[in-house]
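Have a look at the structure below, then the notes.
Read-outs: derived from the displayed coordinates by stated rules, not from any lab. Since we're looking at a predicted model, the values are computed, not measured. Note that we place each Cβ from the backbone using ideal geometry, even for glycine, and neighbour counts take in every protein chain shown.
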Amino acid sequence: MPFTIYDERLQDETAKQYAYRTLRRNILLLDMLPGEVVVEKDICTRLKVSRTPVREALLELSRERLIDIVPQRSTQVTLLDEQLVEQGRFLRENIEIAVLELACKGVSPTALEALKANLVEQEKLAESQDIIGFFMKDSEFHRLLFAAVDKDTVYEAVSLFIPHFTRERMLRLQMFDAVELLHDHKHITEHMENHDFKTARLYMKRHLDRVICDQKILKEAYPTYFGYSLSRMK
């Protein structure tokens, strides 16, 4: 069961926190694919931790509907659940548009500079076709937007509840050019800076709706990745 260790264990991090953080990131970035069987022993060996913290991490991920656990049978990464993807889009879009409205009333020069610097990095990553790097900067762009109006904690809370939407965003990025997302971000920033909420809102809505609009294409390309999350049916 391949997965990537992006960061070493932090000094003050418990074994369970380390396992949870590593596994969650692998699932969201599709290093661990939808439907993939999870082998506890392999995780313990790679992370150099015992089984108890790994099991605790898997239980927490199950509560987030990222892992399906069937006692005495198997543990696997949840399939992409269309209903959960749509609910994630609905939550993210409605809250982020409210955040954007606040931002269009004015943000600090420092916050605006951070957004523009992020766009420069996005452009470099799009040109080099670094999918994971671009995805991380894309997510950072939205985090910076929330932070610009002192809603960074809201961003963290929203991110926790939309993992299926996040995974489908990553899947879409593997099929479609990142440049169109970059252009969305540039238009959003430009109209936000000009205090034009009406136009900025249109670009934000189009940006966040892309995943749903292209879902049929994604399902045709990756039919085995989609299905029902067992945790939703409990």
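Can you give me the Cα centroid spacing of the stretch 42-93 and the stretch 109-169 in angstrom?
The distance from the Cα centre of the stretch 42-93 to that of the stretch 109-169 comes to 23 Å.
How high is the relative contact order of the stretch 147-232, given as a whole-number percent (alpha carbon pairs under 8 Å, six or more residues apart)?
Taking the mean separation of contacting Cα pairs over the length of the stretch 147-232, I get 26 percent.
When the chain is fully extended, how far beyond the present Cα-Cα distance does Ser50 get from Asp12, taking 0.36 nm per residue of separation?
11.9 nm
So what J values fall out for the stretch 103-108 if you push phi through Karplus, 6.51 cos²θ - 1.76 cosθ + 1.60 with θ = phi - 60°, rounded to Hz, Gly and Pro as x?
Working through the residues one at a time gives 5, 5, 7, x, 10, 5 Hz.
Could you pull out every one of the aspartates and glutamates with an alpha carbon less than 13 Å from that of Lys205, ignoring same-chain neighbours closer than 8 positions?
Glu93, Glu96, Glu101, Asp184
For Lys48, give me every one of the lysines with a C-alpha distance below 23 angstrom, ignoring sequence neighbours fewer than eight places off in its own chain.
Lys48 reaches Lys16.
Quick one: helix 109-127 against the long Cα principal axis of the chain, what's the angle to the nearest 10°, folded into 0 to 90?
The helix 109-127 is inclined about 60 degrees to the chain.
If eta is 0.890 mPa s and T is 25 °C, what Stokes-Einstein diffusion coefficient results for the stretch 15-77, Kirkwood Rh from Cα pairs, in µm²/s? Don't skip to the answer; put the middle values down first.
Values: Rh = 11.4 Å.
Calculated translational D: 215 µm²/s.
Note down the relative contact order for the chain as a percent, whole number, built from C-alpha pairs under 8 angstrom at least six residues apart.
The value is 27 percent.
What is the dipole size for the stretch 15-77, taken about its Cα centre, with +1 at each Lys and Arg Cβ and -1 at each Asp and Glu Cβ, in debye to the nearest 20?
Its charge dipole is roughly 220 debye.
Using alpha carbons only, how many degrees (0 to 90, rounded to 10) separate the axis of helix 51-63 from the longest principal axis of the chain?
Relative to the chain, helix 51-63 is tipped by roughly 50 degrees.
Divide by every residue of the chain the summed helix terms, -39500 (n - 2.57) for each DSSP H run of at least 4, and state the resulting mean residue ellipticity at 222 nm, rounded to the nearest 500 deg cm²/dmol.
Values: 11 runs with 155 residues, N = 234.
When only DSSP H runs of four or more count, the value is -21500 deg cm²/dmol.
With P(r) over Cα pairs in 10 Å bins from 0, in percent as the read-out, I listed (1) 7, 27, 31, 23, 10, 1; (2) 7, 24, 26, 22, 13, 6, 2, 0; (3) 7, 30, 34, 22, 7, 1; which label goes with the value calculated from this structure?
Looking at P(r) over Cα pairs in 10 Å bins from 0, in percent for this model, the match is (3).
Out of Ile162, Ile27, Ile131, any idea which swings most in a Gaussian network model of the chain, alpha carbons joined below 10 Å?
Its mean-square fluctuation being the largest, the pick is Ile131.
If you count, for each residue, the other Cβ atoms within 10 Å and average over each peptide, how do 164-177, 209-222, 47-60, 2-15 line up from highest to lowest?
164-177, 47-60, 209-222, 2-15
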